[in-house]
Amino acid sequence: MPILIYILVFTFIASIGSLIGGIILLAKEKFAAKISHFLSAFAAGALLATAFFDLLPESLEEAKHLAQEGMPEVNVFAWAITGFLFFFLLERWIHWAHHHQVGEKFDNRKGPKSTIPLVMIGDSVHNFIDGVIIATTFLVSIPLGIITSFAVAAHEIPQEIGDFGIMLHKGLKKGKILLFNLLSAAIAMVGAIMAYLFGESLEGFIPIFLSLAAGFFIYIAASDLIPEIHNEEKREVALLESLVLVLGVITVWLAITFLEGVITH
């Protein structure tokens, strides 16, 4: 199967997967609020595992390969922390607090009218970057692309529960919320196609893109998702969330092992 087909199919899957959280919220708000924390914990584990087990090792391998061909040496870890800082600053710039704290977001019925546009801008930028990341990883290897798509979908589901909650309780109608999120998800396809089209000219920058993606994943897990576990007052719930986080790590590790065994790079 051509790489472009893989990119389009899995970007579509990740985008549609991200809408699941919002659809659950619109259908059953109380149920969505109950499961969101566990979804966030699983997503945190999946993102961390993808960054440390897949993205960074692949980035190091690609950097080593380029160095052997006489290309400038790439400091993978410097670019990873650059990605971490970049997305922190981006989030601060657009005042987009997508911390997945469902209870807070559902109760936040008041506030400036700019809240909805900011959520929309943040969601669109986020989806575009997701598309670029998915396409870039597929250009390196099919297993890496599949795992990355899985991680993207995992963290998008609880995020969309939070974002849908904000827009719903700011008075936006359900139909408009769904329409916007479909359009926003389509932006991921635009990012993926652009990354594919410029892939050959950016081949020497692949280690940098992978490192930036790793920094992005680590940032979301560390700043947005894991704090929810620490904020949980009930010990038994916090313990269960911690176990779900570990499950996310194990799931991605097993998936990586399986895919590397059945699909050649």
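The values are calculated or read from the model by the stated rules, or taken from the named source; none is laboratory data. All of these numbers come straight from a predicted model, not from anything done at the bench. Here Cβ is always computed from backbone atoms with ideal geometry, including for glycine, and neighbour counts include all displayed protein chains.
Checking the structure you have, find out if any residue of the stretch 216-228 is in contact (Cβ under 8 Å) with a residue 60 or more places away in the chain, more than 25 Å from GLY131 (Cα to Cα) and out of contact with any Gly (no Cβ under 8 Å at 6 or more places or on another chain). Scanning the stretch 216-228, I find at least one residue that is in contact (Cβ under 8 Å) with a residue 60 or more places away in the chain, more than 25 Å from GLY131 (Cα to Cα) and out of contact with any Gly (no Cβ under 8 Å at 6 or more places or on another chain), so the answer is yes. Within the stretch 52-81, the residues that satisfy the criterion of being among the aliphatic types (A, V, I, L, M) and modelled with pLDDT of 90 or more are LEU56, LEU60, VAL76, ALA78, ALA80, ILE81. LEU243: over 25 Å from HIS37 (Cβ atoms) and aliphatic (A, V, I, L, M), yes or no? So LEU243 fails the test.
Pairs meeting the criteria (first residue in the stretch 9-20 and under 16 Å from PRO158 (Cα atoms), second residue part of a helix (DSSP H, G or I) and not acidic (Asp, Glu), beta carbons under 6 Å, at least 6 apart or on different chains) are ALA14/SER149; ALA14/VAL152; ALA14/ALA153; SER15/ALA185; SER15/ALA188; GLY17/ALA153; LEU19/ASN181; ILE20/ILE157.
If you check every pair at least six apart or on different chains, which have Cβ atoms under 9 Å apart with a residue in the stretch 164-179 that is part of a helix (DSSP H, G or I) first and a residue that is of a type in the set (Phe, Trp, Tyr) and at pLDDT 75 or above second? Cβ pairs passing all conditions: MET167/PHE180. Determine which single condition LEU178 fails, assuming it passes every other condition in (1) touching a Gly at 6+ places or on another chain (Cβ under 9 Å); (2) modelled with pLDDT of 75 or more; (3) surrounded by 23 or more Cβ atoms within 10 Å (Cβ to Cβ). Failed condition: (3). With respect to being assigned to a helix (DSSP H, G or I), exposed (fewer than 15 other Cβ atoms within 10 Å of the Cβ), in contact with a helix residue (DSSP H, G or I) (Cβ under 8 Å, 6 or more places away or on another chain) and in contact (Cβ under 8 Å) with a residue 12 or more places away in the chain, VAL249 falls outside the description.
If a residue has to be in a loop (DSSP other than H, G, I, E, B) and either in contact with a Lys or Arg (Cβ under 8 Å, 6 or more places away or on another chain) or at pLDDT 75 or above (or both) to count, how many in the stretch 1-27 make the cut? Selection size over the stretch 1-27: 1. Of the residues making up the stretch 215-229, those that are over 13 Å from PHE38 (Cα atoms) and of a type outside the set (Gly, Ala, Ser) are PHE216, PHE217, ILE218, TYR219, ILE220, ASP224. Of the residues making up the stretch 252-264, those that are surrounded by 15 or more Cβ atoms within 10 Å (Cβ to Cβ) and either within 21 Å of the chain's Cα centre (by Cα) or at pLDDT 85 or above (or both) are VAL252, TRP253, ALA255, ILE256, LEU259. Please identify the pairs in which a residue from the stretch 68-92 that is crowded, with 16+ Cβ neighbours inside 10 Å has its Cβ atom under 6 Å from the Cβ atom of a residue that is of a type in the set (Phe, Trp, Tyr), counting only partners at least 6 apart or on another chain. Close Cβ pairs satisfying both conditions: GLY83/PHE216; PHE84/TYR219; PHE87/PHE216; PHE87/TYR219. Scan the stretch 227-251 for residues that are modelled with pLDDT of 85 or more and not charged (D, E, K, R) and the total you get is 12.
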